[in-house]
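Just below is one structure, and these are the notes that go with it.
The values are calculated or read from the model by the stated rules, or taken from the named source; none is laboratory data. Computed from a prediction, not measured in an experiment: that's the story for all the values here. We place every Cβ from the backbone using ideal geometry, glycine too, and count neighbours over all the protein chains shown. Just the protein is used for accessible areas: all its heavy atoms, side chains included, with ligands, DNA and RNA removed. Shrake-Rupley method; radii C 1.70, N 1.55, O 1.52, S 1.80 Å.
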Amino acid sequence: MDLFRQPPRRPSNLNLSGVVGLSRMADKVRAKAHNTIGEYSYGHESPLDIYILNFIGLSPEEFSKLALNMNDEKLFGYIRSNYLCNKSELADFNSCHLQNGSQDIYEKGIRSQTMGKCEQDRTDIKTIFESIEFDDRESFRGLDLTVEPPRTPYERSILGIVGIARMADKARAYNSNRLGEYRYGPDSGLDTAILEFLELNAGDFMRAAIDNPNDIELSEWLAGCVKKDDSAKFSFNARRAYFGFYGKEREIFLARRIEVGCDGSVADTFFDLMDFDDQKSFLIVDLRRRAPRSVYDVSIGGIAGLARLIDKGFAHKYKMLGIYKFGERSFLDKLVLDFLKLSETEFIDALQRYPTEIEIINWLREIDLNTNEDEIESFNEVFWNSGPFNQDQREIVRKTSEALDPQRKNICCFAASAELEDEIHFARMKVRI
């Protein structure tokens, strides 16, 4: 859950959890684990979280562990079975918070200590929950597609269907007159195909996207009015993701690929081409769409992991790291920074001063790295062979690799594990069903 680009679920959302604020808290936990919590707060820093955690009898650390190791269905089922025995107490707890109209703060960050200026004339906002939900909608109702692209068309976070998340981004941008060069609704071939499949019009979808800025809640809204079984969704996904690869559209695609300046090794369908064009147009590195360069890439200075570190650094700058950790949070990044005798802060400052990779490389040359080929070769061997320090860590690496590919249970070093995760994660994302 990336809370830079969408809010957590409404505190009043009881669809799966049965407890006010529990779904919201799970979203924040998962975002915090990926360093994408944005301006929201979790645990001891959030009074609402503390109320909920005290009610279910879990510490922030205990709930985090559960939320990161279970999907929603298992998580909420586990909590209902093990921590919620008294239905009357649950009903009282929910009712108390749903009807609370006091001005006590529940949320830090985008939630102000009193009703925001935009709420002062809203006589219909009478409770804290209504106020939080109004703030969430206002904060995320308009995306500016003149400064960043919409999400990858491969994204299936809404109803399990490709392209809907991208269309939702465009709908919000269209609503705020910040669509840029993108097209929404009947002006977009992909949007038209999606809307026809959903049997919705562009206006209704736009209003739903604005009212439901969280992907899960937009999915819940769509599920209430769109009746498509999984096989129909799979068929639609495959046909749209393959668009441009087969048939009469192939010639059009090939001409467009030349126009965009992309070769066949990067894009072989319109979806691939959209991803390439989005990044090229905005000069960004978006690791939600693609992997950083390989841990075995030595194209920059002969140093293993340096090209990858630069990719992740630029993605961090644009808040587009996706599943990746950067700098001090990444063991392999830390090895490269230590070898370069740089701190994370120094590297981030350089990324702010020098907007292109060529400028970063020139900067690295200027600061005199004091390395020779023998030192680089020794470092590369350490970088590629570094592994867990104890049995517990070795077991984590083994289980992670086995979960990605059961045939790779013998992986025992961080570099190989990272390479496997790159390949499997994006292969799963881009599978065409």
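To check my understanding: the extent here is largest minus smallest coordinate of the Cα atoms along each principal axis. What are those three numbers for the range 254-327, in Å, largest first?
Each principal axis gives a Cα extent; for the range 254-327 these are 39, 26, 17 Å.
GNM, the chain, Cα, under 10 Å: largest mean-square fluctuation among Glu366, Glu419, Glu344?
Maximum among the listed residues: Glu366.
Residue separation times 0.36 nm, minus the C-alpha to C-alpha distance between Glu89 and Lys319: what's the value?
Between Glu89 and Lys319, full extension yields 78.7 nm more.
With viscosity set to 1.567 mPa s at 4 °C, what whole-number translational diffusion coefficient in µm²/s follows for the range 148-232 from Stokes-Einstein and a Kirkwood radius over Cα pairs?
102
Accessible area per residue, 1.4 Å probe, Å², for the chain: what's the number?
Ligands and nucleic acids excluded, the figure is 49 Å² per residue.
What FRET efficiency, computed as 1/(1 + (r/R0)^6) with R0 = 45 Å and r the Cβ-Cβ distance, is obtained for Cys225 and Glu366, rounded to the nearest 0.05?
0.15
So what's the angle, to the nearest 10 degrees on a 0 to 90 scale, between helix 189-198 and the longest Cα principal axis of the chain?
Rounded to the nearest ten degrees, it is 40.
If you plug each phi of the range 324-329 into the Karplus form 6.51 cos²θ - 1.76 cosθ + 1.60 with θ = phi - 60°, what whole-Hz ³J(HN,Hα) values come out, in order, with x for Gly and Pro?
8, 10, 10, x, 5, 7
For the chain, what does the helix formula give at 222 nm: sum of -39500 (n - 2.57) over DSSP H segments with n ≥ 4, over the residue count, nearest 500 deg cm²/dmol?
Calculated mean residue ellipticity at 222 nm is -16500 deg cm²/dmol.
For Arg290, Arg257, give me the order by solvent-accessible area with a 1.4 Å probe, most accessible first, ignoring ligands, DNA and RNA.
Arg290, Arg257
If you plug each phi of the range 222-232 into the Karplus form 6.51 cos²θ - 1.76 cosθ + 1.60 with θ = phi - 60°, what whole-Hz ³J(HN,Hα) values come out, in order, with x for Gly and Pro?
Coupling constants for the range 222-232: 4, 4, x, 10, 10, 10, 10, 7, 4, 5, 5 Hz.
Can you send over the carbon and sulfur percentage of the accessible area for the chain, probe radius 1.4 Å, protein chains only?
The value for the chain is 51 percent carbon and sulfur by accessible area.
Mind checking the angle between helix 164-175 and the chain's longest principal axis? C-alpha axes, 0 to 90 degrees, to the nearest 10.
For helix 164-175, the angle is close to 70 degrees.
For a distance above 17 Å, tell me the whole-number percent of Cα pairs in the range 1-96 that qualify.
Of all Cα-Cα distances in the range 1-96, 45 percent exceed 17 Å.
One quarter of the convex hull surface, Cα atoms only: what value does that give for the range 264-374 in nm²?
With the hull built on Cα positions only, its mean projection is 7.5 nm².
What does the charge dipole of the chain about its Cα centre add up to, to the nearest 20 debye, if the Cβ of each Lys and Arg holds +1 and the Cβ of each Asp and Glu holds -1?
In debye, rounded to 20, the chain gives about 1080.
Give the residue from Cys262, Asn380, Phe63 lying farthest towards the positive end of the charge dipole for the chain; charges sit on Cβ (+1 for Lys and Arg, -1 for Asp and Glu) and the dipole is referred to the Cα centre.
Selected residue: Phe63.
Mind listing the long-range amide H neighbours of Ile300? Cut-off is under 5 Å, sequence gap 5 or more, other chains count too, H placed in the peptide plane at 1.01 Å from N.
Ala307
How many percent of all Cα-Cα pairs in the chain sit more than 41 Å apart?
Above the 41 Å cut-off, the chain has 23 percent of its Cα pairs.
What length, rounded to one decimal in nm, is gained on full extension from Ser343 through to Asp263, with 0.36 nm per residue of separation minus their alpha-carbon distance?
Roughly 25.1 nm would be gained on extension.
Return the inverse of the average 1/r over all pairs of distinct C-alpha atoms in the range 191-278, which is the Kirkwood hydrodynamic radius, in Å to one decimal.
This gives a value of 14.9 Å.
From the cross-link list Lys233/Lys280; Lys65/Lys319; Lys32/Lys170; Lys312/Lys341; Lys170/Lys317; Lys65/Lys312, which pairs have alpha carbons spaced over 20 Å apart?
Violating the 20 Å limit, Cα to Cα: Lys233/Lys280; Lys65/Lys319; Lys32/Lys170; Lys170/Lys317; Lys65/Lys312.
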